[in-house]
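Everything on this sheet refers to the single structure shown next.
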Amino acid sequence: VCTTCHWALSPAVLFSTVTGHQHPLLRNCLTLCSWSQAGHNFYSVPLSYVKRLCGTFINGPQPPVWYLPDRGIRLPEHFDWRQQILCPTTRQIRDQGSCGSCWAFAAVGAISDRICIQSEGKVNAEISAEDLLSCCVPNCSDGCSGGFAAVAWDYWKEQGLVTGGEYGSNIGCRPYSIPPCEHHVNGSRPACSGEATVPRCRRHCETGYTRSYCKDKYYGATSYSVSANETQIQLEIYRHGPVDGSLSMYTDILLYKTGVYHHVTGEMLGGHSVKMLGWGVEDGTPYWLIANSWNTDWGDNGFFKILRGSNECGIESEIIAGLPSFPHTPLSKQP
């Protein structure tokens, strides 16, 4: 039962499509929980399609753990990087389209933020999900069929990543080439179907972009795991910027609109990577603030909150991060 479910749900019409008769416990949850009129999340989309969006191979290789001393830092009760610095990427919600590239989007989202934050707002770079998705194969991933979050950060450190905005944006060296689609509500985007083709690894920039592929690259100085400890994760976010977190996704999260999510019922969809950019407390419940990559129609304008401090859905056990290299060259090539 869902007597402890306090997060808001989207409408019951969802159950006639994605979940329906397959998940009667979710019908009960909708009856027992409060919910808001949020739109038809994943309306008319097969569950098999949603599972393909969850493209992170969890329990994969992990880099060494980096522990941060607290140095007497008094962590605030609420912290949100969107409100701390003029870095546009901290407020951005991207769209992975019909591709299981969440592992790439979570990585480049956090990397973009960290480049800006560590430069104190002087460098704004929207790092390319396309470059990571298409070129870190087969080491990172099987393309749209899934990838390893930690290996993506190693690739940034060793090979570098160029810039690239969203589909159709013409921003950066390699913008995303997989179009967005309407996998949530009856909106303006084309309907989703099937699985996108993985883009080719093109080691050159779009025509008209003024920098060369090699000169456009940004590199990481370090990549590491963060201890599965609430305070360590908070310190890492507070001192260095948003982090890359992976979790097990269940069917009940498809209904999320507002509030603090915790898993109640429903089958596992797969592993999913997201950007964690802050924390807080809502109605006495501690949460992590998360940016998803399912466009702004889903959740709270693309963001969601998940229960903090109890490793909900494994979110605290697979946190990856790293620090950028300045200037933007591999450490081995720096003077």
For Ala221, which sequence-distant residues (separation of 5 or more, or a different chain) have an amide H within less than 5 Å of its own amide H, given hydrogens modelled in the peptide plane?
-> Leu323, Ser325
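Remind me, relative contact order of region 227-335 in percent, using alpha carbon pairs under 8 angstrom and six or more residues apart?
31 percent
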Calculated SAXS-style log₁₀ I(q)/I(0) at q = 0.07 Å⁻¹ - region 12-333, Debye, Cα scatterers = -0.26
Karplus ³J(HN,Hα) for region 216-224 (6.51 cos²θ - 1.76 cosθ + 1.60, θ = phi - 60°; Hz, whole; x = Gly/Pro) runs 8, 6, 10, 10, x, 8, 9, 9, 7
Select from region 104-201 those GluC sites (Glu not before Pro) which occupy a DSSP coil region and have at most 11 other Cβ atoms within 10 Å, ordered by residue number.
-> Glu120
Using every pair of alpha-carbon atoms in region 58-204, split the distances into 5 Å bins beginning at 0 and state the percent of pairs per bin, rounded to integers.
-> 2, 9, 16, 19, 19, 16, 10, 5, 3, 1, 0
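State the percent of C-alpha pairs, over all pairs in region 74-120, separated by a distance greater than 12 angstrom.
Roughly 67 percent, once rounded to a whole number.
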Mean Cα-pair separation over length for region 47-105, i.e. relative contact order, pairs under 8 Å, 6 or more apart, % | 63 percent
Under-5 Å amide H pairs with Tyr167, H placed in peptide plane, nonlocal only | Tyr176
Any trypsin sites (Lys or Arg not before Pro) in region 70-126 that lie in a DSSP loop and have at most 16 other Cβ atoms within 10 Å would be Arg71, Arg74, Lys122
Count charges around Asn139 for me, please; just the other residues with Cβ under 15 Å from its Cβ, Lys/Arg as +1, Asp/Glu as -1.
-> -3
Span per principal axis, largest first, for the Cα atoms of region 177-248 (Å) = 42, 40, 19
Region 60-177, relative contact order [Cα under 8 Å, separation at least 6], % | 24 percent
Taking amide hydrogens as modeled 1.01 Å from N in the peptide plane, which residues meet the under 5 Å criterion relative to Gly278, leaving out close sequence neighbours?
-> Leu289
Using the number of other C-beta atoms within 10 angstrom as an exposure proxy, rank Val137, Val198, Val151, Val226 with the fewest first.
-> Val137, Val198, Val151, Val226
Per the Cauchy relation, a quarter of the hull surface: what is the mean projected area of the convex hull of the alpha carbons in region 149-275, in nm²?
-> 11.0 nm²
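No value in this document is a laboratory result; all are computed from the given coordinates. Note that the coordinates shown come from a computational prediction; the quantities given were computed from them, not determined experimentally. Ideal geometry is used to build each Cβ from the backbone, glycine not excepted, and the neighbour counts take in all protein chains shown.
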